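Written out below as C-alpha cells is the structure these notes cover.
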Amino acid sequence: MELIVATKNKKKLQEIKDILKYRKVKITSLADYPNAPRIIENAKTFKENAIKKAVRIARFTKRLTLGEDSGLCVYALGGKPGVYSSRFSGKNKSDMQNNLKLLTMLKGLPGNKRKAYYACAVALADKDGLIAAVEGRCYGLIGFELKGTSGFGYDPLFIIPEFKKTFAQLGERIKHKMSHRYRALQKAKRFFSKYIECSRIS
Ligand code: IMP
C-alpha cells in the first residue's frame, strides 16, 4: 500500500512519517512525482487548501493521497499569518525572516496578549475523489525571542504554556504527541484504516 503526502516540505514530511508510524505503508511525496501538477494554495481556509492538494494529486497519480495545510494564527493579529504562514514576509523568504516579522508586529504586547494557535488540516483522497477532511489545533503563546533549535517554521517562538518552553526547545518527542499535526493525523488515521480494510475486502 502506498500513501502519497502531497508536499515538497521535507521537514513536514518527516513529521508526518514520524507521527503516522506506519510500517507496512510506503509513504512517498511529491519529490517522487516530479511531473505532478503544481498546486496553487490560494484558498481562504486550511481545509480547502488541504482538500485541493489531496484531490488533485490523487486524480493525477491515481493513488491514495494525503493533503496537508497548516499554519499559525495569532489572535492579536486577527488570525494572521494564517494560510499565509509560509509566505508571511514574502515569497521565498526564510523561516527566520517570518519569525522576525512576527516579533516586530507583536512588539510591546504583553505575554497575555500573545495567544496563538497552530492549525493543521489533513485531507485524504483517492482517484475517485475526497474521502475525508479533518483538522487539529494546538494552543500556545508567542515568545519575546527565538528559543531552541528543533522543528521548523515558527517553532522557536511558539511556547507551550504548560512547559513554559517553545516547541523548538521541547523537541520532536514531545511536539509529535501534542501538535496540531499530531491531532489532525490521529483523526485522519481512522479514515485511513477504514480505507485499507475496505480495499482488502473488495
Ligand atoms: P504550508 O506548506 O503552506 O502548509 O506552510 C505551512 C507554514 O506554516 C510553514 O511554512 C510554517 O511557517 C508554518 N507551520 C505549519 N506547521 C508548523 C509547525 O509545526 N511548526 C512551525 N511552523 C509551522
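The values are calculated or read from the model by the stated rules, or taken from the named source; none is laboratory data. Quick caveat, the model's predicted, so the values are computed rather than measured. For neighbour counting, all protein chains shown are included, and Cβ atoms are generated from backbone atoms with ideal geometry for every residue, glycine included. Areas reflect the complete protein model, heavy atoms only, side chains present, ligands, DNA and RNA absent. Shrake-Rupley method; radii C 1.70, N 1.55, O 1.52, S 1.80 Å.
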Review point. With contacts defined as alpha carbon pairs under 8 Å and 6 or more residues apart, what's the relative contact order of the chain in percent?
Key: 19
Practice item. Enumerate the amide H contacts of residue 131 below 5 Å, restricted to partners 5 or more residues apart or on another chain; note that Pro and chain-start residues carry no placed amide H. Key: 124, 125, 126
Check your understanding: To the nearest 10 Å², what's residue 95's accessible area with a 1.4 Å probe?
Key -> 80
Point to revise | Spacing of the two label points (7 Å from each Cα toward its C-beta) at residue 44 and residue 144, in nm | key: 3.8
Review point. What accessible area, in Å² to the nearest ten, does a 1.4 Å probe give for residue 84?
Key: 130
Revision key, fill the gap. Rounded to the nearest 10 Å², the 1.4 Å probe accessible area of residue 1 is 100
Check your understanding: For the chain, what is the convex hull (Cα atoms) projected area averaged across all directions, in square nanometres?
Key -> 11.0
Check your understanding: Can you work out ³J(HN,Hα) from phi for every residue in the range 28-35, in order, using Karplus 6.51 cos²θ - 1.76 cosθ + 1.60 and θ = phi - 60°, giving whole Hz and x for Gly and Pro?
Key -> 10, 9, 5, 4, 8, 10, x, 8
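Which of the helices in the chain, when you take each full DSSP H run, stretch at least 18 Å along the axis at their Cα atoms and have an average Kyte-Doolittle score of -0.5 or higher? Don't skip to the end; give the middle numbers.
On the way: long enough: 46-61 (22 Å, -0.26); 180-201 (32 Å, -0.89).
In the chain, the long hydrophobic H runs are 46-61.
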**Study point:** Built amide H within the under 5 Å cut-off of residue 28, gap 5+
**Key:** 3, 4, 5
Check your understanding: How large is the dipole of the chain about the Cα centre if only Lys and Arg carry +1 and Asp and Glu carry -1, each at its Cβ, rounded to the nearest 20 debye?
Key -> 60
Point to revise | Accessible area in square angstrom per residue, the chain, 1.4 angstrom probe | key: 55
Practice item. Quick one: which residues, 5 or more positions from residue 147 or on another chain, have an amide H under 5 Å from its amide H? H modelled 1.01 Å from N in the peptide plane, none for Pro or chain starts. Key: 157
